[in-house]
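Everything on this sheet refers to the single structure shown next.
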Amino acid sequence: MSHLTLAGTGLVVGYDRSRPVLDGASLTVAPGRRLAVLGANGSGKTTLLRCLSGALAPARGRVTLDGAELRHTRAGLRAHRQAVQLVLQDPDDQLFSASVAQDVSFGPVNLELPEAEVRARVAEALDLLSVTHLAGRPTHQLSYGERKRVAIAGAVAMRPCVLLLDEPTAGLDPTAVGEALAALSRLQEADSTVVMSTHDVDLALRWADEVAVVVDGGVVQGRPDVVLGDDVLLARARLDRPWALTVGARLQALGLLPGGALPRDADALVAALPDSPGVRAC
């Protein structure tokens with residue numbers, strides 16, 4: 001599935017003409033990558049995802065898929081949405097059918113696919129999101145975390161090349177976050193490109209191959225440890241430095257951690273400590 005490069009170039013979007021939310025923002029989503037989009041409330045994360053999905057037409061700039069520009073015509077949007085799917089933050093904005101299976105089948109049915117193909121896509125999506133056991137359950141009887149995964153399954157059933165997820169872990173307890181991240185790992189293993197917006201810098205650091213910080217109407221994109229280690233940028237974006245980078249830098253300054261790239265999570269931090277009984281005991 002994941003073989004196309006999605007990009008937004010010079011995007012300008014404003015709900016108030018005097019203050020554009022995005023002002024020349026550019027972002028590239030490479031195939032097969034895990035990209036985390038971060039920013040403060042109101043920075044334009046959701047606006048950026050909506051532009052990339054075709055749900056919102058920018059005042060200026062363009063969105064391309066493997067270099068082909070998105071056209072906001074009925075045919076252009078239909079073709080784009082078969083390759084790029086957006087899942088909104090609130091699952092109740094997308095779930096409306098009587099049962100989980102019916103909801104997940106909605107997109108494939110509207111593509112006028114044969115019944116056997118629809119069934120295969122629904123089964124595949126439910127399995128990837130680990131919600132097969134919920135197939136016959138009414139959507140209003142699901143937990144919030146289950147509704148989130150079912151909403152993602154509905155997008156996955158379209159077999160898009162790129163999946164755009166707006167705050168997929170927001171409002172979830174730690175167990176549900178773990179289940180959601182496990183589902184995203186399975187999606188990547190199934191050759192999907194996953195883009196996730198989040199406020200959680202620690203999650204972005206340990207999960208993403210690349211991060212993009214939306215700040216001052218633009219986008220700063222790069223390696224997680226580099227971008228999220230830039231204190232000046234983080235201050236502008238009103239984001240905190242990830243704890244792993246803070247602790248790692250302190251341990252390097254104390255000579256307890258070797259130089260080079262800083263660990264990105266707890267396991268990597270422990271593994272990087274010198275093989276010293278005194279250190280291990282701590």
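Quick one: in the stretch 239-254, of everything that is among the aliphatic types (A, V, I, L, M), within 15 Å of L205 (Cα to Cα) and out of contact with any Pro (no Cβ under 7 Å at 6 or more places or on another chain), which residue is least open to solvent (accessible area, probe 1.4 Å)?
Filtering the stretch 239-254 for residues that are among the aliphatic types (A, V, I, L, M), within 15 Å of L205 (Cα to Cα) and out of contact with any Pro (no Cβ under 7 Å at 6 or more places or on another chain), the one least open to solvent (accessible area, probe 1.4 Å) comes out as L245.
Name the one entry in L164, L187, L203, L181 that is assigned to a helix (DSSP H, G or I) and under 17 Å from P91 (Cα atoms).
Exactly one of L164, L187, L203, L181 is assigned to a helix (DSSP H, G or I) and under 17 Å from P91 (Cα atoms), namely L181.
Name the one entry in R78, R60, R50 that is free of Cβ contacts under 8 Å to residues at least 24 places away in the same chain and among the charged types (D, E, K, R).
Exactly one residue qualifies, and that residue is R78.
Any idea which of (1) open to solvent by less than 30 Å² (accessible area, probe 1.4 Å); (2) outside any helix (DSSP H, G or I); (3) aliphatic (A, V, I, L, M); (4) closer than 30 Å to K148 by Cβ is the one L257 doesn't satisfy?
All conditions are met except number (4).
Check L88 against each of (1) within 20 Å of L4 (Cα to Cα); (2) touching a strand residue (DSSP E or B) at 6+ places or on another chain (Cβ under 9 Å); (3) among the hydrophobic types (A, V, I, L, M, F, W, C); (4) open to solvent by 30 Å² or more (accessible area, probe 1.4 Å) and name the one condition it does not meet.
Checking L88 against (1) within 20 Å of L4 (Cα to Cα); (2) touching a strand residue (DSSP E or B) at 6+ places or on another chain (Cβ under 9 Å); (3) among the hydrophobic types (A, V, I, L, M, F, W, C); (4) open to solvent by 30 Å² or more (accessible area, probe 1.4 Å), the one that fails is (1).
Does the stretch 5-14 contain at least one residue that is open to solvent by 30 Å² or more (accessible area, probe 1.4 Å), on the phi > 0 side of the Ramachandran plot and in a loop (DSSP other than H, G, I, E, B)?
no
Quick one: D231 ticks every box in (1) within 14 Å of the chain's Cα centre (by Cα); (2) farther than 25 Å from R19 by Cβ; (3) not aliphatic (A, V, I, L, M) except a single one, so which number is it?
(1)
Give just the number: which of (1) surrounded by fewer than 18 Cβ atoms within 10 Å (Cβ to Cβ); (2) under 20 Å from the mean Cα position of the chain (by Cα); (3) in a helix (DSSP H, G or I) does E117 not satisfy?
(2)
Yes or no, residue by residue, for (1) of a type in the set (A, V, I, L, M, F, W, C); (2) touching a helix residue (DSSP H, G or I) at 6+ places or on another chain (Cβ under 9 Å); (3) closer than 20 Å to L4 by Cβ:
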{"position": "S105", "(1), (2), (3)": "no, yes, no"}
{"position": "V109", "(1), (2), (3)": "yes, yes, no"}
{"position": "L128", "(1), (2), (3)": "yes, yes, yes"}
{"position": "V131", "(1), (2), (3)": "yes, yes, no"}
{"position": "L142", "(1), (2), (3)": "yes, yes, no"}
{"position": "A155", "(1), (2), (3)": "yes, yes, yes"}
{"position": "E179", "(1), (2), (3)": "no, yes, no"}
{"position": "A183", "(1), (2), (3)": "yes, yes, no"}
{"position": "L187", "(1), (2), (3)": "yes, yes, yes"}
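The values are calculated or read from the model by the stated rules, or taken from the named source; none is laboratory data. The structure presented is a predicted model; accordingly, all values stated were derived computationally and were not measured. Positions of Cβ are generated from backbone atoms using ideal geometry, with glycine treated the same way; all protein chains shown enter the neighbour counts. Note: accessible area is taken over every heavy atom of the protein model, side chains too, but ligands, DNA and RNA are not part of it. Shrake-Rupley method; radii C 1.70, N 1.55, O 1.52, S 1.80 Å.
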